[in-house]
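Following: one structure in C-alpha cells, then a few remarks.
What follows is calculated from the coordinates using simple rules that are stated; it is not laboratory data. Everything quoted here is computed from the prediction, not taken from an experiment. Cβ coordinates were reconstructed from backbone atoms using ideal geometry, including for glycine residues, and neighbour counts include every protein chain displayed.
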Amino acid sequence: MSAPTFIDHFGPMAERYDVVLCDVWGVVHNSLVASPEAHDALSRFRARGGAAVLITNAPRPSHVVKRQLDRMHVPEHAYDAIVSSGDVTRGVIAARPGQKVFWIGPERDRPLFDGLSLEFTDLEHADYIVCTGLFHDDNETPDGYRELFGKALARGLFLLCANPDLVVERGTDLIYCAGALADLYHTMGGEVLFAGKPHAPIYEEALRQAAAARGRAAPRERVIAIGDSIRTDMKGAALFGIDSLFVTAGIHAEEFGDRDAPDARLLAKVFAREGVEPTAVTRRLNW
C-alpha cells in the first residue's frame, strides 16, 4: 500500500464532491470543545452548493444530537442534516413492536426509546438486548460484562448495538462505547446487529437526506466521508464505495506519534492492517 496523501486544507479538493458525510465526535467536536475550523470548512462547502450531512454513531435520535450541538455552539449553517445510529436503531426496534428489551447503557441515552412500543425487563425475560453503551462508562471496562454476556448467550439472545464505535473522545480521554461491548459479545459467540457505521443503512439514509437538501441525488463518486475512526469511518466509506478523508487528531492520534505531526509510516502500516486506503489524510478538518 502506498504512503497516504497528506493535505493541510480540504478546500482545494472540495470541488470534486457534491456531498460530505462528516463524522461528529472527533471532527466537529471532542464532546467538550467544538472545532471552529471544522464548522468553517463545512459552511464553505455548503456555500459552494454542496450538501453536508453529519453522520454519527451516537446512540440517540438526531434531534437530541442537534440539541447537544446547539449547546456547543455548532452553527446550523454548517450542515444540512444529522443522521445518527440512534435513528437506525429506532427503526429496528419499531419493526419488533411490543417485545421485551434488556437495555445496557447509561441513563442519558433513554431518549432513544421515546415513543417506541417496547417493554424494559431483566435479562431472564428479555426477547433481545439493546446496547447503547456501558452502564457507567467513566469507570467500567467491557471485560466486566463477561458474566452478564455468558447468561445472555445461554438464552440465545441477540444484541442490537446502537453505537458501533469502540471508543470516543471525551476531552483528552478515550471512553469505551457500545461497540466494545458488542465486539466482546460477538467474540463470545453471540449474534450482534450493528446499527451505525461502518454498515450501509446509516449511509443510505444520509444520502437520502443529502438528496433532499440538494434537490437531486449525487453519484457516489461525488461523495466523500470525513472521520477520525479507521474501523467505522474509513472502513464504512470503503464498504459503501465512496471516497474518504481521515482526520488524524482524533481517537487514533496517539497511535501515529505526535498528534500534530503524525508519522506517515505508522499511518500506512495501520491502514494496511485494517485494509483501508483513505483518499487523503489531514490533521484536522479545515478549509
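Where a ≥ b ≥ c are the square roots of the eigenvalues of the C-alpha gyration tensor, would you call segment 96-194 rounded, which needs a/c under 1.5, or, failing that, prolate if a/b is larger than b/c, or oblate? Kindly include the intermediate steps, with their values, before the conclusion.
Numbers: a/c = 1.95, a/b = 1.26, b/c = 1.55.
Here segment 96-194 falls in the oblate category.
Considering only the other residues whose Cβ falls under 14 Å of the Cβ of Val74, what net charge follows from Lys and Arg at +1 and Asp and Glu at -1?
Working: positive: Arg46, Lys66, Arg67, Arg71; negative: Asp23, Glu37, Asp40, Asp70, Glu76, Asp80.
Within the 14 Å Cβ shell, the charges total -2.
In whole angstrom, note down how far apart the Cα centers of segment 179-198 and segment 267-287 are.
24 Å
If you rank Asp122, Asp127 by fewest surrounding Cβ atoms within 10 Å, what's the result?
Asp122, Asp127
What's the angle, to the nearest 10 degrees (0 to 90), between helix 264-274's Cα axis and the longest principal axis of the chain?
Result, in degrees: 40.
Near the amide H of Asp165, under 5 Å away, which other amide H atoms are found, from residues 5 or more places off or on another chain, if H is placed in the peptide plane?
Distant-sequence amide H within range of Asp165: Gly179.
Starting from the Cα of Lys151, draw a straight line to each of the lysines and keep only those under 29 Å, dropping any in the same chain fewer than 8 residues away.
Lys100, Lys197
Can you return the aspartates and glutamates within cross-link range of Lys66? Criterion is Cα-Cα under 15 Å, with same-chain partners fewer than 8 residues away left out.
Straight-distance partners of Lys66: Asp23, Glu76, Asp80, Asp87, Asp109.
Sort largest first and round to whole Å: the equivalent ellipsoid semi-axes of the chain, each the square root of five times a Cα gyration tensor eigenvalue.
Semi-axis lengths for the chain are 32, 22, 17 Å.
Explain nothing, just compute: Karplus ³J(HN,Hα) = 6.51 cos²θ - 1.76 cosθ + 1.60, θ = phi - 60°, for every residue of segment 234-241 in order, whole Hz, x for Gly and Pro.
Running phi through 6.51 cos²θ - 1.76 cosθ + 1.60 with θ = phi - 60° gives 6, 5, x, 4, 5, 5, 8, x Hz.
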